[in-house]
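First comes the structure, then the notes that go with it.
The values are calculated or read from the model by the stated rules, or taken from the named source; none is laboratory data. Note that the coordinates shown come from a computational prediction; the quantities given were computed from them, not determined experimentally. Cβ placement follows ideal geometry from the backbone for every residue including glycine, while neighbour counts extend to all protein chains displayed.
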Amino acid sequence: MLLLSGRMVSAELPIINQCGRLDMKGVNFMHKMKEIIEEVESLPVEQRAMVIDFLLRSLNPPSMEIDREWAEVAKRRLAELRSGSVKPIPGNEVFAKIRERFEK
């Protein structure tokens, strides 16, 4: 059994292909996936976080252009704060407003 998305799922079930035949590759894949998950679960939390980060980046690779744009936004906002042209709002006030908005 595997724990996937909070549910126990059998990793031993064979896969039936589109022709209705038993697909042994699916069985091997599920067995390997189970072994990989068990091995990752045994890692220290920092290493599990690294594995998760790697997998997420493989699904949604970083974009240098987007990263550059966010860096520009961050620099602009920091300059606004330092110049006094914008007033910072304490985090506790922001979260209180969010809680108030969603409790209604």
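Key figures
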item	result
Subset of region 42-54 (residues that are surrounded by 11 or more Cβ atoms within 10 Å (Cβ to Cβ) and either part of a helix (DSSP H, G or I) or modelled with pLDDT under 90 (or both))	Gln47, Arg48, Ala49, Met50, Val51, Ile52
Contacts under 7 angstrom Cβ, first residue in region 30-42 being under 14 Å from Ile52 (Cβ atoms), partner aliphatic (A, V, I, L, M), 6 or more apart	Ile37/Leu2; Val40/Val51
Number of the exception - Ser85 against (1) at pLDDT below 95; (2) surrounded by fewer than 11 Cβ atoms within 10 Å (Cβ to Cβ); (3) of a type in the set (Gly, Ala, Ser)	(1)
